[in-house]
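Heads up: the structure comes next, in structure tokens.
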Amino acid sequence: MQSRSCRFVLIYAVLVLSLVASSAALPEPQTQATDSQLAARIQRVENGIPPIPLGENEPPLQLNLQDLMKLYKVPGLSVAVIDNFKIAWAKGYGVTEAGMRNPVTVHTLFQAASISKPVTAMGSLYLVEHGKLSLDENVNARLKSWQLPDNDFTKDQKVTLRRLLSHSASLTVHGFPGYEVGKPIPTIVRILDGEPPANTAPVRVDAVPGTKFNYSGGGIVIEQLLITDVTGKPFPQFMRETVLDKIGMTDSTYEQPLPASRASSAATATHPDGASVPGKWHVYPEMAAAGLWTTPTDLAKFAIEVALSKHGKANHVLSQDMTAQMLTPQIPPVGLGPFLGDFKNPEEFGHTGSNEGFRSMLVAFADSGKGLAIMINSDNGQVAMPIVNSVAKEYGWNYTPQPESAGDVLMLIATARGPEAAISRYTAWKKMAPPPYAIDENTLINLGYHFLTPGQTETAIQVFKLEVQDYPKYWNAYDSLGEAYMKAGQKDLAIQNYEKSIELKPDNQSGIDMLKKLKQPN
């Protein structure tokens, strides 16, 4: 089983850009500096990717943004940088579809994935301010077309909108895989009940609400239904009228499937191996959680609206007081929608996003007016963090650069120098005290899936065997090796490793299901 952190990375991230207080119109980016000054800053950002050490006897790998995209087989990428509550610059890189020539521009649409959630939260909080919803009442009091089943966990504590927005409602279903274009699309009620053609489990309470952080896309689908039930409007229409139009997000829509009139402006989703997703992208009826199509520039407008509204200087959607509540920690590290910085940098807010073939990141600073949005039409979102760190350095953020993870560095080495070089680096790091990167039980898991996903099965088996050797008591080591053996057609070894994973983790349901499948007569 691939680690959850690899599938749905939830680091806070957003971008900040400025709106004039009396209008939702965005100033032209060229007002921030002369053309030559701006070009020089952009070039420094593009060339500011930190070098990657390869070994004692080999010079470090020095890459610029374009090199990074090429190594990771990322067709296209779009960036918007914010400084002093204004768009410093926005730029597209690469192409909208692998193997094609149509360039990415600042108007190219990408799937925002989970960044849909904080934008949706602004719509929900608008309804709270206008008396249509309440943050702290049982959601069943306002739901009309469906009811969340009660159970022993909800006897005393109920699921509320506040808990939905802060992922503290103890609800199941982490995220959504989407639906292939042309395949049946379930209703929201069927998604919530896990009924075909829905491809996820029912959304249910599995612990006492309010007691812990538990990220749940399923909870945001309940939020979507709340909005449509209390307004009587289709969700995309409500969000357009209430949020998108008011802050000038003209290149954005929650419509799913994407209308034909906008499809020509959209980037094509791309697998890690550089191949396009069949049908160009997946469809997400879970619009509030994952369905927003947008651009970095439009996400910047959203972030600026939040930042300026906190200071009483925009407030096109939410009041200063409600914006302050949005940016107040509920269960750390979450506010009412966005993820928040820690005590060292409380002004930071944002989100990340991960849909099939798309990755996105949004980082913003509500008091200093700095930030960044990145959108990528590839599953290889590792290209984002080096760019964030480069922008942070160039624009003087009050920000501790996020260190490269050991897994990401190993994947980059594997891409640039081959799997043997990556395994050799890992082995060398294990002998160091301390190693240059934090290594844990998921480091090799993520590297193994880097090879397994595009079909390099034998290499993946080699990596997972090393994982089992180094972490013999980790259930996911055996689960992952079992999956690799299964894909290699080595049934007996697959069964053996799945059995070991279940022995170590008896509630490993995916392993139980795979074991049943493997033991069925041919």
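The values are calculated or read from the model by the stated rules, or taken from the named source; none is laboratory data. As the structure is a computational prediction, the values presented were derived from the model and not from experiment. Quick reminder, even Gly has a Cβ in these numbers, built from the backbone with ideal geometry, and neighbours come from all protein chains shown. The protein model used for the area step is the full one, side chains on, heavy atoms only, and it has no ligands, DNA or RNA in it. Shrake-Rupley method; radii C 1.70, N 1.55, O 1.52, S 1.80 Å.
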Checklist line | Residue count for the range 425-463, restricted to those that are over 26 Å from the mean Cα position of the chain (by Cα), open to solvent by 50 Å² or more (accessible area, probe 1.4 Å) and under 30 Å from ALA275 (Cα atoms) | finding: 2
Notebook entry, point to check: Is there a residue in the range 108-115 that is crowded, with 22+ Cβ neighbours inside 10 Å and part of a loop (DSSP other than H, G, I, E, B)?
Noted result: yes
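Residues checked against (1) assigned to a strand (DSSP E or B); (2) of a type in the set (Asp, Glu):
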| position | (1), (2) |
| --- | --- |
| LEU362 | yes, no |
| ASP367 | no, yes |
| GLY371 | yes, no |
| ILE374 | yes, no |
| ASP379 | no, yes |
| GLN382 | no, no |
| PRO386 | no, no |
| VAL391 | no, no |
| GLY396 | no, no |
Margin query: Could you tell me how many of the residues in the range 349-364 are closer than 13 Å to PHE339 by Cβ and among the aromatic types (Phe, Trp, Tyr)?
Written below: 1
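On the basis of being crowded, with 20+ Cβ neighbours inside 10 Å, touching a Gly at 6+ places or on another chain (Cβ under 9 Å) and of a type in the set (A, V, I, L, M), does VAL74 make the cut?
yes
Can you confirm whether ALA324 is at pLDDT 95 or above and open to solvent by 40 Å² or more (accessible area, probe 1.4 Å)?
Working: at pLDDT 95 or above: yes; open to solvent by 40 Å² or more (accessible area, probe 1.4 Å): yes.
Yes: the conditions hold for ALA324.
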Check: Based on what the data block shows, is GLU458 assigned to a helix (DSSP H, G or I), touching a residue at least 12 places away in the same chain (Cβ under 8 Å) and of a type in the set (D, E, K, R)?
Finding: yes
Notebook entry, point to check: Right, GLN325: free of Cβ contacts under 8 Å to residues at least 60 places away in the same chain, farther than 18 Å from GLN256 by Cα and not small (Gly, Ala, Ser) or not?
Noted result: no
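Surrounded by 21 or more Cβ atoms within 10 Å (Cβ to Cβ), touching a Phe, Trp or Tyr at 6+ places or on another chain (Cβ under 8 Å) and outside any loop (DSSP other than H, G, I, E, B), is that true of LEU308? Break it down into steps so the answer makes sense when it comes.
Details: surrounded by 21 or more Cβ atoms within 10 Å (Cβ to Cβ): yes; touching a Phe, Trp or Tyr at 6+ places or on another chain (Cβ under 8 Å): yes; outside any loop (DSSP other than H, G, I, E, B): yes.
The answer is yes for LEU308.
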Next item on the list: May I ask you to list the residues in the range 362-386 that are open to solvent by less than 10 Å² (accessible area, probe 1.4 Å), over 18 Å from VAL119 (Cα atoms) and modelled with pLDDT of 95 or more?
Entry: GLY369, ILE376, ASN377, SER378
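Do we find that GLU394 is among the acidic types (Asp, Glu) and over 24 Å from the mean Cα position of the chain (by Cα) in this structure? So that I can check it myself, show each step before the final result.
Values: among the acidic types (Asp, Glu): yes; over 24 Å from the mean Cα position of the chain (by Cα): yes.
Yes: the conditions hold for GLU394.
Looking at ALA406, is it over 25 Å from ALA384 (Cβ atoms) and modelled with pLDDT under 90? Even if it seems obvious, please write down each step before you answer.
Values: over 25 Å from ALA384 (Cβ atoms): no; modelled with pLDDT under 90: yes.
Judged against the criteria, ALA406 is not a match.
Which of the residues that make up the range 315-344 are outside any loop (DSSP other than H, G, I, E, B) and of a type outside the set (Gly, Ala, Ser)? I'd like the intermediate steps shown before the answer.
Pass one, the range 315-344, residues outside any loop (DSSP other than H, G, I, E, B): 320-326, 334, 339-340.
Within the range 315-344, GLN320, ASP321, MET322, THR323, GLN325, MET326, VAL334, PHE339, LEU340 meet the criteria.
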Next item on the list: Scan the range 172-185 and report the pairs whose first residue is within 10 Å of TRP281 (Cβ to Cβ) and whose second residue is assigned to a strand (DSSP E or B), with Cβ atoms within less than 8 Å and a gap of 6+ or a chain change.
Entry: GLY178/HIS282; GLY178/VAL283; GLY178/ASN355; GLU180/HIS282; GLU180/VAL283; VAL181/HIS282; VAL181/VAL283
Note to self: Could you list, ordered by first residue, the pairs with Cβ atoms under 6 Å in which the first is in the range 144-163 and within 15 Å of ARG190 (Cα to Cα) and the second is in a loop (DSSP other than H, G, I, E, B), at least 6 apart or interchain?
What the structure shows: LEU148/VAL159
